[in-house]
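Everything on this sheet refers to the single structure shown next.
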Amino acid sequence: MTDPVAFLAAAPEQTGLFCDFDGTLTPIVDDPAASRLDPRARSLLTGLAQHLGLLAIVSGRPAAFLGARVSVPGARLLGVYGLEQWLDGRAVVRPEAARWRAAVRDACRQLPDLVAQVEGVAVEDKGLSVAVHWRNAADRRAAEQAVTQAVASVAAETGLAREPGKLVEELRPPVDWDKGTAVRACAADAGIERVAYVGDDRGDLAAFSAVHALGGVCIAVDHGAETPDALLEAADARVNGHDGVIELLADLHATLA
């Protein structure tokens with residue numbers, strides 16, 4: 001396995017570090033609305049931003065959500081898989097994605113009724129996408145089946161694209177843009193060619209692919225049975241859960257400082 005700290009510390013001013021948010025910089029929580037950036041992560045990222053050529057957070061969350069919870073000077077905040085950026089205190093949406101707002105609103109109206117009979121299922125309106133979670137369902141297998149059917153039906157009707165995750169299905173604009181595209185665009189904009197990425201879910205696989213194409217290093221956050229095998233197999237290094245990410249950031253901070 002690759003030593004990610006050695007890679008990042010070899011030429012920090014020419015290197016970009018990209019991190020997922022939920023389950024990476026935050027612990028996994030039952031209520032998506034309760035997710036908060038770990039204070040330890042905030043402190044370490046603030047220090048790392050002073051040493052690295054680029055620090056970015058790439059999340060499925062809306063950019064406004066990140067803007068309200070990530071107080072890290074110098075960090076770039078990319079929401080909804082990079083379809084939004086938090087710039088100058090507001091969310092800037094890619095034009096090709098903005099055209100699908102009406103379809104997302106339609107999906108947000110339909111999905112609650114379709115899953116209303118399934119206990120423990122929650123619909124999250126993200127503005128530019130909508131997610132249906134079943135982490136809190138007593139019978140996760142039955143809930144997953146019901147959610148999958150509902151999401152597939154709404155996707156067929158609205159034309160929105162499905163984005164599966166850990167105990168969640170999401171519908172978002174069907175545009176040619178994902179975390180990998182976002183990483184490449186952000187790195188190019190910053191003039192960075194050396195990159196590393198830390199993530200824990202299926203949506204991060206596209207970022208892993210992009211980082212490998214750039215000759216970079218990918219770090220998987222291992223949460224046990226919830227972590228996709230494909231992510232672990234594609235990783236150059238692994239850390240154990242959210243606390244492992246904190247240890248990685250602390251080691252890198254100590255090395256650079």
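The table below lists the values:
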read-out: Under 9 Å, Cβ to Cβ, from Gly60 - net charge with Lys/Arg +1 and Asp/Glu -1; value: -1
read-out: Accessible surface of the stretch 122-166 [probe 1.4 Å, protein heavy atoms]: carbon and sulfur percent; value: 44
read-out: On Cα atoms only, tilt of 179-190 relative to the major axis of the chain in degrees; value: 40
read-out: Portion, in percent, of the accessible area of the stretch 1-86 that falls on carbon or sulfur, probe 1.4 Å; value: 51
read-out: Kirkwood estimate for the chain, i.e. one over the average of 1/r between Cα atoms, Å; value: 18.4
read-out: Electrostatic dipole magnitude of the chain [Cβ: Lys, Arg +1; Asp, Glu -1; Cα centre; debye, to 20]; value: 680
read-out: Furthest towards positive pole of dipole, Ala102, Gly82, Leu54, structure part the stretch 37-102, Cβ charges; value: Ala102
read-out: The chain, accessible area per residue, ligands and nucleic acids excluded (1.4 Å, Å²); value: 43
read-out: Inter-label distance, nm, simple model (7 Å from Cα along the C-beta direction), Asp243/Ala161; value: 3.7
read-out: Euclidean distance between Cα centres, the stretch 195-215 to the stretch 76-120, Å; value: 22
read-out: Leu214 accessible area, 1.4 Å probe, all protein chains in place, Å² to nearest 10; value: 70
read-out: Alpha carbon Rg of the stretch 142-257, scaled by the compact-globule rule 2.2 N^0.38 Å; value: 1.23
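The values are calculated or read from the model by the stated rules, or taken from the named source; none is laboratory data. No experiment lies behind these values; they were computed from the predicted model shown. Neighbour counts run over all protein chains shown; Cβ positions are idealised from the backbone, glycine included. Note: areas computed on protein heavy atoms with side chains; ligands, DNA, RNA excluded. Shrake-Rupley method; radii C 1.70, N 1.55, O 1.52, S 1.80 Å.
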